[in-house]
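Please read the structure below before turning to the comments.
The values are calculated or read from the model by the stated rules, or taken from the named source; none is laboratory data. All values derive from a computational prediction rather than experimental measurement. With ideal geometry, Cβ positions are generated from the backbone for all residues, glycine too; neighbour counts draw on all protein chains shown.
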Amino acid sequence: MPVYRLDPAQLAFPHPKMAEPGGLLAVGGLLEPEWLVLAYQYGIFPWFEEEGEFYWFSPDPRCVLYPAELKVHKSMRSVFNSGRFQVTLDQEFEAVMLACANVPRGKHEGSWITDAFLAGYKALFEKGIAHSVEVWEEGQLVGGLYGVSLGKIFYGESMFAKATNASKVGFITLVRAGKKRL
């Protein structure tokens with residue numbers, strides 16, 4: 001299947017079914033709020049930038065978690081009950097994105113979270129579309145995640161942890177909050 005070149009002057013994406021087997025659909029476009037919202041509405045997301053070009057993906061199958069199906073292990077219940085972590089929502093969006101960008105990822109160097117990604121998602125945050133979960137321990141940001149919320153769907157983008165179980169606490173808190181909204 002071909003990979004489509006997006007014209008920055010024309011807000012449009014090819015149908016997600018046109019993606020390559022690995023999910024790559026298109027190259028180009030912009031990381032402006034209108035582009036990001038349209039992409040997410042069709043199950044498309046930007047994954048990385050190379051030489052100023054954005055790469056848009058729509059893999060099939062996708063991982064989908066229904067809040068009612070979340071299983072919390074007993075070990076995590078004791079972590080919640082310990083009071084070790086404090087969790088906030090939408091308090092430090094940029095700090096969460098920067099922490100996600102700087103988390104070591106094994107053999108992979110660098111991050112897909114470039115300045116352009118940071119600017120695009122910050123613009124979505126300012127519009128109330130992107131959100132973050134922050135996990136704190138003794139006043140320090142030790143875990144969190146961010147993503148995009150459209151309707152009843154939250155599209156998780158990235159998460160990080162500097163303390164054991166911190167990202168799990170953030171994720172479980174997010175899913176529980178989503179469950180209450182349904």
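Summary table
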| quantity | calculated |
| --- | --- |
| Some residue of the range 66-80 being more than 29 Å from Y4 (Cα to Cα), basic (K, R), in contact (Cβ under 8 Å) with a residue 24 or more places away in the chain and assigned by TED's automatic domain parsing to the domain that holds L174 | no |
| Matching residues, the range 18-41, being under 22 Å from the mean Cα position of the chain (by Cα) and assigned to a helix (DSSP H, G or I) | P33, E34, W35, L36, V37, L38, A39, Y40, Q41 |
| Subset of the range 137-182 (residues that are among the β-branched types (V, I, T), buried (at least 19 other Cβ atoms within 10 Å of the Cβ) and not in a helix (DSSP H, G or I)) | V142, V148 |
| Unique residue being more than 29 Å from K179 (Cβ to Cβ) and charged (D, E, K, R) when the list is E92, E134, E53 | E53 |
| Residues of the range 1-22 classified as surrounded by 14 or more Cβ atoms within 10 Å (Cβ to Cβ), touching a Gly at 6+ places or on another chain (Cβ under 7 Å) and within 13 Å of E53 (Cα to Cα), total | 1 |
| Selection status of A123, in contact with a Pro (Cβ under 9 Å, 6 or more places away or on another chain) and either hydrophobic (A, V, I, L, M, F, W, C) or assigned to a loop (DSSP other than H, G, I, E, B) (or both) | yes |
